[in-house]
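Here the structure is laid out as C-alpha cells; the discussion comes afterwards.
Read-outs: derived from the displayed coordinates by stated rules, not from any lab. Here the structure is a predicted model, which is why all the values come from computation and not from measurement. So basically every Cβ, Gly included, is an ideal-geometry build from the backbone, and we count neighbours across all protein chains shown.
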Amino acid sequence: MALMRVDFYSDVLGLSTSMTVILPQRTASQIGMAGAAPAGDPPVLYLLHGLTDDDTIWLRRTSIERYVAALGLAVVMPQAGRSFYRDEEHGNRYWTFLTEELPATCHDFFRLSRRREDTYVAGLSMGGYGAVKWALRHPDRFAAAASLSGALNVATRRHHPTRPVDADVWHTVFGERPVTGTDDDTVALLDRYDADGPALYVACGTDDFLYEDNLRFVDVARERGVPLTVDFSPGDHDWAYWDAKIQDVLAWLPLRERPAA
C-alpha cells in the first residue's frame, strides 16, 4: 500500500485542508502483508470520520491500511470538522466540499475508477450519517454505503433527553432551521430510494447511545421496502467495535473483483 497525508487548498472552503489516502500497491516480497492492485483504475471507498475526530483517525485507531491491502481498494479519508457533512448555517460549505470538490480533486491527483459500481462510502457516528446522506442524495454515484453507529435520526439529537448535540455545534451547523423532512434528514431521504439505489449496510452496538436512532432508521427503511443489511450486536460507541465492524463492511462491499489470496 501507499499511504499519503495530502495537504491541499480547497476553493470551496477557502482554506487549506487535508485528507489521508491509501492507494493499492501490488507487492510480491513484503513480509506479513499481501499487497494487491487491480489491472485498471482501482475502486475507491470514501471513509468518513466522527464528530470529535479528523482525517487521520481511521488510520490511528484501526488497522484499515492492513485490512484493505489485499483488496486492491483505494481509501480516501477527508477532514470535515464538526460539520455533520453539511453546508453549515454559520460556518463553511462542507457538503459542497465533500460531494463536489473532494471527488474532483481526488481524480485530479490519483488514478481512481470513476465507475459508480467501483465507488463506495462509509463512516462512523457523524460519518455514518454523512455516508448514508451522501448515498441517498446522490444514489447515481455509489454502489454501496455503510454506517457504523451512525447518527441516522439526527433530527432528534438537538433536544435528546440524555445525549443532545452540543448547542453551539448545532447552531453553527443547522442554525434554527428544522431538520425533519429536509435533505439533512436521513430518515426522510428513505422516501427517495428506488430499486436502483446503492446497497445499504447499517451496524450499531446494542449498548450504543445511538442504537434507538438506528432502530428507527431501519424500521422506516423496512416500511418503505428499502433493502439493507443490518448488524445489531453487542457493542458500544467505541473503537473496539468500529475496528471489528469495518472489517465486516469491507467483506460486504460488492467489489467487482477481489484479488486472489
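Kirkwood-based Rg over Rh for segment 20-135 (C-alpha set), two decimals?
Details: Rg = 14.7 Å, Rh = 14.8 Å.
Looking at segment 20-135, the ratio lands at 0.99.
For Rg/Rh (Cα atoms, Kirkwood Rh), which listed value, (1) 0.95; (2) 0.98; (3) 1.08, comes from the coordinates shown?
Calculated Rg/Rh (Cα atoms, Kirkwood Rh): the matching label is (1).
Multiply the residue separation of residue 206 and residue 251 by 0.36 nm, subtract the distance between their alpha-carbon atoms, and state the gained length in nm to one decimal. Kindly include the intermediate steps, with their values, before the conclusion.
Numbers: separation 45, 0.36 × 45 = 16.20 nm, distance 2.16 nm.
That works out to 14.0 nm of additional length.
Over all alpha-carbon pairs of segment 145-261, lay out the pair-distance distribution in 10 Å bins, whole %, shortest bin first.
12, 38, 35, 12, 2, 0
As an exercise, find the ratio Rg/Rh for segment 145-189 from alpha-carbon atoms, using the Kirkwood inverse-distance average for Rh. Could the numbers behind the result be given before it?
Values: Rg = 10.8 Å, Rh = 11.3 Å.
Using only Cα positions, Rg/Rh for segment 145-189 is 0.96.
Place a +1 charge on the Cβ of each Lys and Arg in the chain and a -1 charge on the Cβ of each Asp and Glu, then give the dipole magnitude about the Cα centre in debye, rounded to the nearest 20. Let's see the in-between values first.
Numbers: 26 positive and 37 negative charges, 130 e Å.
About 620 debye.
Can you give the FRET efficiency to the nearest 0.05 for residue 191 and residue 28, using r as the Cβ-Cβ distance and R₀ = 35 Å?
Values: r = 50 Å, r/R0 = 1.43.
Result of the calculation: an efficiency of 0.10.
Once you list every other residue whose beta carbon is under 11 Å from the beta carbon of residue 39, what net charge do they have if Lys and Arg are +1 and Asp and Glu are -1?
Numbers: positive: 26; negative: 41, 257.
Neighbour charge sum, excluding residue 39 itself: -1.
Of 110, 209, how do they rank once you tally other Cβ atoms within 10 Å and put the fewest first? Walk me through the numbers on the way to the answer.
Details: 110 17, 209 14.
By the 10 Å Cβ count, ascending, the order reads 209, 110.
Please report the spacing between the Cα centers of segment 142-214 and segment 16-65 in Å, no decimals.
If you average the Cα positions of each part, the centres end up 26 Å apart.
Just add up the charged neighbours of residue 216: K/R +1, D/E -1, any other residue whose Cβ is under 14 Å from the Cβ of residue 216.
Taking every other residue near residue 216 into account, the sum is -3.
Add +1 for every Lys or Arg and -1 for every Asp or Glu among the other residues with Cβ under 13 Å from the Cβ of residue 160, and state the total. Before the final figure, lay out the partial values.
On the way: positive: 157, 158, 163, 216; negative: 166, 212, 213.
Every neighbour counted, the sum reads +1.
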